[in-house]
C-alpha cells in the first residue's frame with residue numbers, strides 16, 4: 001500500500017502533539033507529534049490540542065511536513081490541522097494529551113463551526129509554497145488569559161503489518177515573505193457527498209454534491225472554514241477517497257448545468273492530482289485563481305466499487321438477519337447512533353459478538369457478511385471530499401496584483 005493521499009496543495013497540514021515555539025512575529029513555527037503505537041491490522045486516529053503562544057497574526061505561506069515511521073503496509077492515512085476560533089479553550093484536554101477520536105468531531109468543545117482548516121495531506125514528505133501574493137492568516141485567540149493560537153491536530157495511520165508500528169511527524173510552518181501578501185486564502189473542504197455514499201455488496205455506484213458561492217453551507221460545522229457568500233476565486237482543487245474509490249471528477253456548473261470538460265479527473269485515490277491555474281483551473285490573464293460566480297458552482301462526483309472489479313467486498317457484522325449491515329450518513333443523521341453507520345469490521349464470525357461498547361445501541365447476529373460500503377473513518381469505509389482553497393473575488397476579478405499589501 002502506498003502511503004500517499006494528498007488533500008491540498010495550497011493548504012498546509014500539521015498533525016501532532018506539539019512543541020510550540022512562541023510566535024511573536026516569527027518566520028517559522030515548529031511542531032512535532034511524538035511517537036504513538038498502532039497495533040497490527042488496525043487503524044488508529046488520534047487528536048491533540050496545542051496552544052501556541054502568539055501575539056500577532058501569522059501569515060502562513062508554506063510548510064514542510066515529514067511523516068516518520070511509514071514502511072511496507074504501515075502508512076499514513078491523513079493529517080489534518082484546524083485553528084480553533086471559539087471562546088471555550090478550556091474545554092480541550094490538557095495540552096499534549098493524545099486522544100483517540102474520529103476526525104476530532106468529539107474532541108474539545110462542541111462549537112465545531114468555530115474551527116478553520118489550515119491544511120490536509122497524506123504524503124510521507126510534503127513541502128508546499130503558496131504563490132507570491134497569497135497567504136492563509138492564523139490569528140491569535142484572545143479569549144484566554146494569554147493570546148494563543150489554539151491548534152487541533154489530527155493524525156490517522158493504517159497498520160497492515162503483523163507487528164505493532166510507531167508513527168510520528170515533524171512540521172515546519174513558514175510565514176509568507178514580508179510585504180508580499182495581497183489576498184488571504186480560505187480552505188475549501190466540501191464533505192456533503194459523504195452523506196450519500198451507499199454501495200451494496202457487489203455493486204458500483206456514484207455519490208456527488210455541489211459547492212456554490214452564495215449557496216447553503218451544509219458542511220459548515222465540520223471544520224471547513226468560511227463559506228463564500230459572493231463571487232469566489234478558487235486557487236486549488238483536489239480529491240479525497242478511500243481504497244474503494246475508483247473515479248473522481250470535478251466540473252464547473254453554470255445555472256446548474258455542467259459546462260466544459262472536467263476540471264479534475266482521477267482514477268487514483270492514493271495520490272490524486274492537485275489542479276491549479278497552471279494545470280486544470282480556467283484562470284484568465286494574471287489571475288491566481290479561477291472565478292466562480294454566484295449562480296455558478298463546482299460539482300464533484302465519486303464512484304465507489306464494493307466488490308465488482310477486483311476490489312474486495314466490504315465485510316461487516318450482521319445486525320439484522322438477511323440484511324447487509326452499513327447505513328449511509330444521511331440515514332444516520334435521521335436516527336442512528338453516532339456520526340457514521342458503517343458496519344462493524346470483521347474477518348470471521350468470531351469478530352461479531354452480540355454487543356460491542358464501541359457500537360452503542362447496536363446488536364449483532366454473530367455472522368460476518370458482505371456489507372454496504374458507506375461513509376466511515378477507517379480505510380475499510382469510504383469518503384467523497386473536495387478539498388481546495390479560495391479567496392473572495394474583487395469587482396468580479398481574481399487578479400490580486402492591484403490590491404494593497406496586507407503584511
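Just so it is clear, none of the values below were taken in a lab; they were calculated from the coordinates. Keep in mind the model is a prediction, meaning the values are calculated, not measured. Methodologically, a virtual Cβ is constructed for each residue, glycine included, from the backbone with ideal geometry; neighbour enumeration extends over all protein chains shown.
Most exposed first by the Cβ proxy, i.e. fewest other Cβ within 10 Å, how do 318, 268 rank? If you can, show how the numbers build up before the last one.
On the way: 318 22, 268 17.
Lowest to highest Cβ neighbour count: 268, 318.
Which order do peptides 56-67, 135-146 fall in by mean Cβ count within 10 Å, highest first?
Details: 56-67: 21.2, 135-146: 17.2.
Going by the mean number of other Cβ atoms within 10 Å, highest first, we get 56-67, 135-146.
Taking Cα pairs under 8 Å and at least six residues apart, what relative contact order does the chain come out at, in percent?
Numbers: 1194 pairs, mean separation 84.9, N = 407.
After rounding, I find 21 percent.
With only alpha-carbon atoms counted, please give the Rg and Dmax of the chain, in Å.
According to the Cα coordinates of the chain, Rg and Dmax are 21.0, 66 Å.
In deg cm²/dmol, rounded to 500, what helix-only [θ] at 222 nm does the chain give when every DSSP H run of at least 4 residues adds -39500 (n - 2.57) and the total is split over its residues? List each step's numbers first, then the result.
Working: 1 runs with 5 residues, N = 407.
Only helices count here, giving 0 deg cm²/dmol.
Kirkwood Rh over alpha-carbon pairs of region 28-179, then Stokes-Einstein at 37 °C and 0.692 mPa s: what D in µm² s⁻¹, rounded to an integer?
Working: Rh = 16.2 Å.
Result for D is 203 µm²/s.
Any idea what Rg and Dmax come out to for region 286-407 if you just take the C-alpha atoms, in Å?
Using the Cα atoms of region 286-407, the pair Rg, Dmax is 22.0, 66 Å.
Could you please tell me the mean projected area of the C-alpha convex hull for region 325-396, averaged over all directions and given in square nanometres to one decimal?
Working: hull surface 28.3 nm².
Answer in nm², one decimal: 7.1.
Explain nothing, just the number: relative contact order of region 28-179, from Cα pairs under 8 Å at least 6 residues apart, as a whole percent. All intermediate terms of the calculation are to be shown ahead of the outcome.
Values: 359 pairs, mean separation 79.2, N = 152.
About 52 percent, as a whole number.
What order do you get for 212, 168 when you list them from fewest to most C-beta neighbours inside 10 Å? Could the numbers behind the result be given before it?
Working: 212 20, 168 17.
Least to most surrounded, the residues fall as 168, 212.
Considering the Cα positions of region 87-148, please state its Rg to one decimal place and its Dmax as a whole number of Å.
That works out to 14.8, 38 Å for Rg and Dmax.
What residue among 312, 358, 342 shows peak mean-square fluctuation when the chain is described by a Gaussian network model with Cα springs under 10 Å?
358
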